[in-house]
Amino acid sequence: MATVQVSEAEKVYILHGIRDDLRVDGRGCEDYRHMEIETDVVSNTDGSAKITLGHTAVLVGIKAEIGKPRPMVPDEGYLEFFVDCSANATPEFEGRGGEELGTELSNTLYKVFNNKRSVDLKSLCISEGEHCWVLYVDVLLLQCDGNLYDAISIAIKAALFNTKIPRVQISADDEGGKEIELSDDPYDCMRLNVENVPCIVTLCKVGHRHVVDATLQEKACSVASLIISVTHKGTVTCTRKVGGGSLDPESIFEMTEAGKRVGKALHTPLMKLLQEEESRGA
């Protein structure tokens, strides 16, 4: 993860501000930075989105391809994640640093999104046990100024909302086998229901308080963070603790409650924004 060096004087200044619910950039402890979202930004994908959160920028492209269902769940499709940490985002992503972070992010995204509680995987099934849609989700980190998990999750939700999967017709061929035909009409497509797709909220413990959407400077003052994925109903679907420090049970409870509150509040304006962008594009 990208890091910055912070002097002791800067740490004291940041800690005192957070203690009084006034961060360096004027936000409260549970406020996000300015966020911009664009959808349908990559032409050769089935769905795409770009998000800018402060100075953190993430691009997500989704490609739908026909594959074979997994043996354990023959009536479901699935998602595959790949995260590319561009060295342009920060020099620390060069070489092994970017690879390790990309793998860590991919594993977390897999746990959060690739389950039937988040995405209707049954709708991705074409022919049980034989064919299904596989959604390849490619994430590119363009700029890094903290809070990657939240930015990536919002970009993925926006890209899934934007994804258009061609309609499939299954017919029998002369030999009795199945033949798959994809519709050529760009408007004859299937859309995913993203209502239950969670957003990730990262809470960083700084001093005796916790903050949402931490900058790199605030992250440098943090001992540990809690990553929480939250649905539009405020249901927690996944939690993960990162960082070298420890969190006491009371802090974990407070951070989880704050994450549920912030995550639930994030979904409504996000969906409204995506629907407005869709109507403008139409």
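The values are calculated or read from the model by the stated rules, or taken from the named source; none is laboratory data. If you're wondering where the values come from, they're calculated on a predicted model, not measured in any experiment. Cβ coordinates were reconstructed from backbone atoms using ideal geometry, including for glycine residues, and neighbour counts include every protein chain displayed. The protein model used for the area step is the full one, side chains on, heavy atoms only, and it has no ligands, DNA or RNA in it. Shrake-Rupley method; radii C 1.70, N 1.55, O 1.52, S 1.80 Å.
Side notes on the structure shown:
- Of L160, L148, L22, the one that fluctuates the most in a GNM where the chain has Cα springs shorter than 10 Å: L22
- Only beta bridges with both residues in the chain are counted; by DSSP, about 85 percent of them are antiparallel.
- In terms of accessible area, using a 1.4 Å probe and ignoring ligands and nucleic acids, D213, D120 rank largest first as D120, D213.
- Carbon/sulfur fraction of accessible area - the stretch 8-281, other protein chains in place, 1.4 Å, %: 50
- Neighbourhood net charge (13 Å Cβ-Cβ; Lys/Arg +1, Asp/Glu -1) for G245: +2
- Cα-derived Rg to Rh of the stretch 139-282, Kirkwood definition: 1.15
- Only Lys, Arg, Asp and Glu carry charge here, each on its Cβ (+1 for the first two, -1 for the last two); on that basis the stretch 8-281 has a dipole of about 1080 debye about its Cα centre.
- The residues F113, F81, sorted by heavy-atom accessible surface at 1.4 Å with ligands and nucleic acids left out, run F81, F113 from largest to smallest.
- Residue among C29, L216, I165 farthest towards the positive dipole end of the stretch 8-281, charges placed on Cβ: C29
- Of the residues L148, V201, V137, the one whose Cα sits farthest towards the positive end of the charge dipole of the stretch 75-222 is V201 (charges of +1 on Lys and Arg Cβ, -1 on Asp and Glu Cβ, taken about the Cα centre).
- Surface exposure of the chain, expressed per residue as accessible area with a 1.4 Å probe, stands at 50 Å².
- Residue with peak Gaussian network fluctuation, the chain [Cα springs, cutoff 10 Å], from P74, P249, P166: P249
- For the stretch 1-60 versus the stretch 112-142, the inter-centroid distance based on Cα atoms is 28 Å.
- Ordering of 198-204, 178-184 by packing [mean C-beta count within 10 Å, highest first]: 198-204, 178-184
- For the chain, a Kirkwood hydrodynamic radius built from all Cα pairs, placed in the Stokes-Einstein relation at 25 °C and 0.890 mPa s, yields a translational diffusion coefficient of 123 µm²/s.
- A 1.4 Å probe, protein heavy atoms only, puts the accessible area of H34 near 130 Å².
- Candidate residues Y32, Y187, Y13: accessible-area rank, largest first, probe 1.4 Å: Y187, Y13, Y32
- The chain: most fluctuating residue of V223, V83, V73 per GNM, C-alpha cutoff 10 Å: V73
- Estimated at the nearest 10 Å², the accessible area of S171 is 40 Å² with a 1.4 Å probe.
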